[in-house]
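No value in this document is a laboratory result; all are computed from the given coordinates. All values reported here derive from a predicted model rather than from experimental measurement. Positions of Cβ are backbone-derived with ideal geometry, glycine not excepted, and every protein chain shown enters the neighbour counts.
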Amino acid sequence: MLYSLTSSYVRSLLLTLIVSFLAPVLLVGGALALLLGLGVCPLWSGTSQTLSTLVLSFLATFGNGNAWEGIVVIGGTCALVGALFDTYTFYRHYTLRKP
């Protein structure tokens, strides 16, 4: 029983960590890709360049001047929060379950 409980918890925790890390990374990466795609259009060139510079400077704030490090820090923080929520949910599920 304990082995089954532990393996299901570890499996759930790893999946939560991966999804919680990838969600903000893909969201910010998709936003930057969209802004770069809009930069091809002459009408949106200036706006997309300004917005992408703002996003990169926002990321650099969290990464000590490096945007890549900033997105890893944000992703890691989201993964930690997701793991805490998953742990709490797992605890509540097995604590409140009727025998």
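Please sort through the DSSP H helices of the chain and keep those with an alpha-carbon extent of at least 27 Å along the long axis and a Kyte-Doolittle average not below 0.5.
Both cut-offs are met by 2-38, 67-96.
Describe numerically, in nm with one decimal, the distance between label points set 7 Å from Cα along Cα→Cβ at L84 and at S7.
Between L84 and S7, the label points sit 3.1 nm apart.
Once the principal axes of the Cα atoms of the chain are found, what is the range along each, listed largest first in whole angstroms?
Principal extents (Cα only, largest first): 66, 27, 19 Å.
With r as the distance between the Cβ atoms of I18 and R92 and R0 = 25 Å, compute the FRET efficiency 1/(1 + (r/R0)^6) and round to 0.05.
My answer for the efficiency is 0.65.
Compute the normalised compactness of region 32-73: alpha-carbon radius of gyration over 2.2 N^0.38 Å, N being the residue count.
1.25
Provide the FRET efficiency to the nearest 0.05 for the V72-L34 pair, computing r from the beta carbons and using R0 = 25 Å.
It comes to 0.75.
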